[in-house]
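K.L.:
One structure is given below, represented as C-alpha cells, and several questions about it will come after.
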Amino acid sequence: NVIFPVSRLICLASAAFAPSMRYVAAVSGPVDDALKQAFLRALRGIVQAMAISLSTIPELAANSTLDSTQYDIRGAMRGPGGEDHVGCIALFRLAHESTELCNLMTITYDGEEASPKLLLDLCALHEQLKQDELARGPEVDYGRGVTPKTRRILLQTISRIGVVAIEGTTSNGTTSGHTEVVSAKLQELFQAPLQIILQTSGTCIGDKTDTIFRVCEAVFDLSSFSPRLVSSLFSSREHQDNPDYRKAVETIVELVVSGYQLASVPGDTPDNTCIQWGRLRGALFSLFRVCMTLCLSPLALEAVAALNQAECAAITTQCKRGPDSPSIMFNGDVIGEETLPAGAFVEIIHESIANIIKKRDQSALSDQEAKRHTDDCVLALSKSRDVLRVFMLPYPEATGHDDARPSICEAWFFAVTSAITSYKNSTPISDIFGNAIFTELLGETCLAAVQMLFIRSIEKEVSMSTGMSVDGAQTLATIDFLEAALSLGPEMLSLIYQYTGPHVTLDHSAKTALESAPTPTVHAGGALIGAALYRAASGCWPPWGLEGSPQIYSALFYGACGLDTDLFCQIMEAAAEIRLASSPDAGCGAIRPGMKLAGKYFDQMGPKTKEDLMRQIIKICHQNDASGWRRMKVVLKQACGGKKKASGFNQKPSLTDWDCERL
C-alpha cells in the first residue's frame, strides 16, 4: 500500500522534470559549483532509483480481477495513462531529452566521460528482466519483472545511450576502449533476437504457435535498436558480409507472406496461431518504420512489395466469398482497426516518401538523392499495383468481416500523392512525365479515382450496395491525390484521357465536340474528371467530401488550366454535357447508356440553370482567391440537388491510425 504509490510518484516526478534537466545540462559558462554538484548528485540518484525500481518492483503485481482491463491500478507500477512501468518511462525520457543530458547520465553514474558502466548495468538489468519474462511464460504479464513492451523501452534507452556514447567519441576524431566495449555490447544485444529467428529458419506457418510467437517477440526486440543498426538487416553489403542477416530477413518475410494463406481457412474466430501471425505482421511493420529513418533500401522495398502482393491476394480471396462471409483474418483480432489495418505495407512506402521529402527540405538529401530514393519507392509501388485492382473489386461493402479495401485504398492514394510532391520538389515537371514507371502508375491511379465515382449510383439505396464504401478516410486521401495530380499541368488532363478514355464509350456528338476542341486530349481529360467531380458532389461522395472541392478545382484552374479562364469554363461546360452512347453495351458502372456522366441532376438541368452555373464559375475564376474557391462548394450544392438530407453517410472521419507497437 506504500511502496507502489510512493515509488510511482518519484518516477513520475523524475520524468516530468526531464525538460528542465535538459536546459540545465545545456548551460555552458560559469555556473555556481555547489549548484552544479547538487544537480549532478540528483541526476545520479534519479538514474539509480529508476534502475532499482525496474529491477525490484514488478510492473503488474498480480493478475487483474477486472474484466475490462489488464490490471488493477492499485497493484501496478504504471503512470496515469495506464501503460508501461514508470521507472522505465523516466529513464527513457532522460536519455532521449537531449544529447547533453544523456551524456551527463553516463558521466554522473561513474564519474568518467564515455564510461560504459551505466550501459553495462542497464544491459544486466535487461537480461534479468528478459529472464523474468521467460520464467513467467508467454502472454503472462503480471508477476516478477515487467511487460515485454516496457522491457523494449529499456532496450531503446540502452541503444540510445550506446549510440550517443559512440557518436560522441567518433565526432571528436578519437576512439577508446570504452567505445569498443559499448559497440560490442550493442552488437551482442542485437544478435540475441537474430539467433532466435535463425533457429526457426524453415518453419512453416502450420507449425507450432509458440514458434511464431518467439519470432514475433524477436522482431519487436530488433525494432528497439537504432535505425542504423536495424537498416543493416536490409543492406546488400551486409548480406554479403554476414549471411545470417540475409537468412534472418528471409525467414521473417517468408513467415509473414505465407501467413496470408490463412485467409483461405473458413471460420469466424481466429485461433492463437492466426493471432500470433497478426502480431508478427505488426512487428515487421514496426521494423520497417525504424529503417525508414535512413530511407528504405531497395532490398527492404522489395520485401515490402512482396508483402503487398500477398495481402492483395488474401483480400481478393476474402471478397470473392461475399460481403456476408466471416473471416479468421480480417477482423479486429488479426487485421483491422483494433490491431493493424490492411494496407500497412503500402503505408510504409507512403511514410518512406514523406521522410524523403522531410530530409530534402532539411538539406539532409540533395535533389538527386531525393529523386533516387523516390524512384526506389515508386518502383515498389509499381510492383504493388495489385492494390488498384483490390479496391476496385466489384463487391459490396463487407458486413460479415472487416472490409480491408478502404484502408489499403487510403494508404495507396497517400503514397502516390507523396511521390508527386517529392518529384515536384526535386525535378522539373516535364521530367515527371518522362518517367515511364511513374507516369503509368499515375495514369492507372487516376483511372481508379474516376471509376470509383462512375461505378457508384447517385441514388442512395443503390450507392450503398455497390463496390467499396467511400465513407471513410479513403475519400480524404482521394481528394488530396486529385489536388496533387491536377497541379502537374495540362499534361495531367491528357494522361487522364489516355487511361480513362478507353473505358468510356461516349456519344458520337460529345466525342466529336471534344475532338474539335483546340487541345482535344486536354479538353477530353478535363471533361471526364469534371464529370466525375460533378457526380461526387451529387451524392457519390459523402457530404463532407464537398469540403475538398475548393482545393481540387483550384488545382484544376491553377495547374491543369494554367489560369486560363476560357479553358477552365470550356472543361466545366463539357463535363456537364458529355454522355454515354446509346448502344446497349455502352454502360459504364452505374451510368446507363445514353445518360450524362455527371449524373441525374445534369440530365435534368435546363439551359437557364446551366447558364447560371457557368456564370458563377466565371465569377469565381475572375475573383481567383481563397474565398472565391470556397464559394465553389455552394455553387456545386445548388447545381447538384442541394443539401443531401439523411444521406446515410457518417460524419467526417479521422485518418487511419497505424500504431501497432502494443500488439
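The values are calculated or read from the model by the stated rules, or taken from the named source; none is laboratory data. If you're wondering where the values come from, they're calculated on a predicted model, not measured in any experiment. No Cβ is skipped: glycine too gets one built from the backbone with ideal geometry, and neighbour counts run over all protein chains shown. Each accessible area value is taken on the protein alone, full model and side chains, heavy atoms only, with ligands, DNA and RNA left out. Shrake-Rupley method; radii C 1.70, N 1.55, O 1.52, S 1.80 Å.
K.L.:
Going by the conditions given, is Glu515 under 25 Å from Cys377 (Cβ atoms), open to solvent by 40 Å² or more (accessible area, probe 1.4 Å) and free of Cβ contacts under 8 Å to residues at least 60 places away in the same chain?
P.N.:
Spelling it out, it is not the case that Glu515 is under 25 Å from Cys377 (Cβ atoms), open to solvent by 40 Å² or more (accessible area, probe 1.4 Å) and free of Cβ contacts under 8 Å to residues at least 60 places away in the same chain.
K.L.:
In addition: Just to verify a result, which residue in region 77-122, among those that are over 17 Å from Tyr23 (Cβ atoms), β-branched (Val, Ile, Thr) and open to solvent by less than 30 Å² (accessible area, probe 1.4 Å), is farthest from the chain's Cα centre (by Cα)?
P.N.:
Looking at the filtered set, the residue picked out is Thr106.
K.L.:
Here is a further query. Which ones in region 600-630 are assigned to a helix (DSSP H, G or I) and out of contact with any helix residue (DSSP H, G or I) (no Cβ under 9 Å at 6 or more places or on another chain)?
P.N.:
Asp603, Pro607, Lys608, Glu611, Arg615, Ser627 - these are the residues of region 600-630 that are assigned to a helix (DSSP H, G or I) and out of contact with any helix residue (DSSP H, G or I) (no Cβ under 9 Å at 6 or more places or on another chain).
K.L.:
Of the residues in region 364-383, how many are over 20 Å from the mean Cα position of the chain (by Cα) and either buried (at least 17 other Cβ atoms within 10 Å of the Cβ) or not in a helix (DSSP H, G or I) (or both)?
P.N.:
The number of residues fulfilling the criteria is 4.
K.L.:
Give the residue, chosen from Gln651, Gln638, that is of a type outside the set (Asp, Glu), in a loop (DSSP other than H, G, I, E, B), more than 30 Å from Leu287 (Cα to Cα) and open to solvent by 90 Å² or more (accessible area, probe 1.4 Å).
P.N.:
When all the criteria are applied, what remains is Gln651.
K.L.:
Considering each residue of region 167-216, count those that are under 26 Å from Ser264 (Cα atoms), in contact with a helix residue (DSSP H, G or I) (Cβ under 7 Å, 6 or more places away or on another chain), modelled with pLDDT of 80 or more and open to solvent by less than 70 Å² (accessible area, probe 1.4 Å), and give that number.
P.N.:
Residues flagged as under 26 Å from Ser264 (Cα atoms), in contact with a helix residue (DSSP H, G or I) (Cβ under 7 Å, 6 or more places away or on another chain), modelled with pLDDT of 80 or more and open to solvent by less than 70 Å² (accessible area, probe 1.4 Å) within region 167-216 amount to 6.
K.L.:
Something else about it: Restricting to region 424-435, count the residues that are within 26 Å of the chain's Cα centre (by Cα) and among the small types (Gly, Ala, Ser).
P.N.:
1
K.L.:
Could you tell me which of the residues Trp658, Trp629 is touching a residue at least 60 places away in the same chain (Cβ under 8 Å) and either out of contact with any Lys or Arg (no Cβ under 9 Å at 6 or more places or on another chain) or more than 30 Å from Thr147 (Cα to Cα) (or both)?
P.N.:
That would be Trp629, the only listed residue that is touching a residue at least 60 places away in the same chain (Cβ under 8 Å) and either out of contact with any Lys or Arg (no Cβ under 9 Å at 6 or more places or on another chain) or more than 30 Å from Thr147 (Cα to Cα) (or both).
K.L.:
Taking the stated definitions as given, is Thr399 hydroxyl-bearing (Ser, Thr, Tyr), at negative phi and modelled with pLDDT of 95 or more?
P.N.:
no
K.L.:
Ok, one more. Select from region 457-470 the residues that are open to solvent by 50 Å² or more (accessible area, probe 1.4 Å) and over 19 Å from Ala404 (Cα atoms) and write down the one among them that is modelled with the highest pLDDT.
P.N.:
Taking the candidates together, the pick is Glu459.
K.L.:
So for region 559-580 (the condition being closer than 18 Å to Asp625 by Cα, open to solvent by 40 Å² or more (accessible area, probe 1.4 Å), in contact with a helix residue (DSSP H, G or I) (Cβ under 7 Å, 6 or more places away or on another chain) and not hydrophobic (A, V, I, L, M, F, W, C)), does at least one residue qualify?
P.N.:
yes
K.L.:
For region 134-151, give me the residue count where each residue is closer than 19 Å to Ser223 by Cα and either open to solvent by less than 20 Å² (accessible area, probe 1.4 Å) or in contact with a Cys (Cβ under 6 Å, 6 or more places away or on another chain) (or both).
P.N.:
Matching residues across region 134-151 total 4.
K.L.:
What is the number of the single condition among (1) at positive phi; (2) not in a loop (DSSP other than H, G, I, E, B) that Lys633 does not meet?
P.N.:
All conditions pass for Lys633, except number (1).
K.L.:
Tell me, please, whether a residue that is touching a residue at least 24 places away in the same chain (Cβ under 8 Å), of a type in the set (Ser, Thr, Tyr) and either surrounded by 22 or more Cβ atoms within 10 Å (Cβ to Cβ) or not in a loop (DSSP other than H, G, I, E, B) (or both) can be found in region 346-363.
P.N.:
yes
K.L.:
Report, by residue number, each residue of region 489-520 that is farther than 17 Å from Leu597 by Cα, more than 35 Å from the chain's Cα centre (by Cα) and part of a helix (DSSP H, G or I).
P.N.:
Residues satisfying the conditions are Glu515, Pro520.
K.L.:
Same structure again: Can you find, within region 384-416, the residue that is farthest from Glu444 (Cα to Cα) among those that are open to solvent by 20 Å² or more (accessible area, probe 1.4 Å) and part of a helix (DSSP H, G or I)?
P.N.:
Pro406
K.L.:
Please work out if Ser554 is among the polar types (S, T, N, Q), open to solvent by 10 Å² or more (accessible area, probe 1.4 Å) and part of a helix (DSSP H, G or I).
P.N.:
The answer is yes for Ser554.
Okay, residues lined up against (1) of a type in the set (A, V, I, L, M, F, W, C); (2) buried (at least 22 other Cβ atoms within 10 Å of the Cβ); (3) closer than 20 Å to Cys588 by Cβ; (4) at pLDDT 95 or above:
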| site | (1), (2), (3), (4) |
| --- | --- |
| Thr445 | no, yes, yes, yes |
| Met452 | yes, yes, yes, no |
| Ile455 | yes, no, yes, no |
| Gln474 | no, yes, no, yes |
| Phe481 | yes, yes, no, yes |
| Ala485 | yes, yes, no, yes |
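K.L.:
What pairs come up if the first residue lies in region 313-332 and is in contact (Cβ under 8 Å) with a residue 24 or more places away in the chain, the second is of a type in the set (Ser, Thr, Tyr) and open to solvent by less than 20 Å² (accessible area, probe 1.4 Å), and their beta carbons are under 6 Å apart, counting only those six or more places apart or on different chains?
P.N.:
Listed by first residue and then by second, the contacts come to Ala314/Tyr260; Gln318/Ser327.
K.L.:
Take the residues in region 271-316 that are acidic (Asp, Glu) and open to solvent by 20 Å² or more (accessible area, probe 1.4 Å), then tell me which one is farthest from Met392 (Cα to Cα).
P.N.:
Looking at residues that are acidic (Asp, Glu) and open to solvent by 20 Å² or more (accessible area, probe 1.4 Å), I get Asp271.
K.L.:
Continuing with this model, one more query. Looking at (1) closer than 19 Å to Gly525 by Cβ; (2) not in a loop (DSSP other than H, G, I, E, B), which is the one condition that is false for Leu563?
P.N.:
(2)
K.L.:
Looking only at region 598-614, which residues are out of contact with any Gly (no Cβ under 9 Å at 6 or more places or on another chain) and of a type in the set (A, V, I, L, M, F, W, C)?
P.N.:
Phe602, Met605, Leu613, Met614
K.L.:
Ala263 is checked against (1) small (Gly, Ala, Ser); (2) part of a helix (DSSP H, G or I); (3) surrounded by fewer than 18 Cβ atoms within 10 Å (Cβ to Cβ); (4) at pLDDT below 95 and fails just one. What number does that condition carry?
P.N.:
For Ala263, the exception is condition (3).
K.L.:
Determine whether region 264-283 contains at least one residue that is under 21 Å from the mean Cα position of the chain (by Cα) and more than 19 Å from Ala313 (Cα to Cα).
P.N.:
yes
K.L.:
Go through (1) touching a residue at least 40 places away in the same chain (Cβ under 8 Å); (2) surrounded by 15 or more Cβ atoms within 10 Å (Cβ to Cβ); (3) over 20 Å from Leu556 (Cβ atoms) one by one and return the number of the condition Met595 breaks.
P.N.:
(1) is the only condition that Met595 fails.
K.L.:
Please state which of the following conditions Ser232 fails to meet, knowing it meets all the rest: (1) touching a residue at least 24 places away in the same chain (Cβ under 8 Å); (2) touching an Asp or Glu at 6+ places or on another chain (Cβ under 8 Å).
P.N.:
For Ser232, the failing item is (1).
K.L.:
Continuing with the same structure: State which residue is nearest to Ala342 (Cα to Cα) when the search covers only region 237-254 and only residues that are open to solvent by 10 Å² or more (accessible area, probe 1.4 Å) and among the aliphatic types (A, V, I, L, M).
P.N.:
Step by step, filter region 237-254, then rank; the result is Val253.
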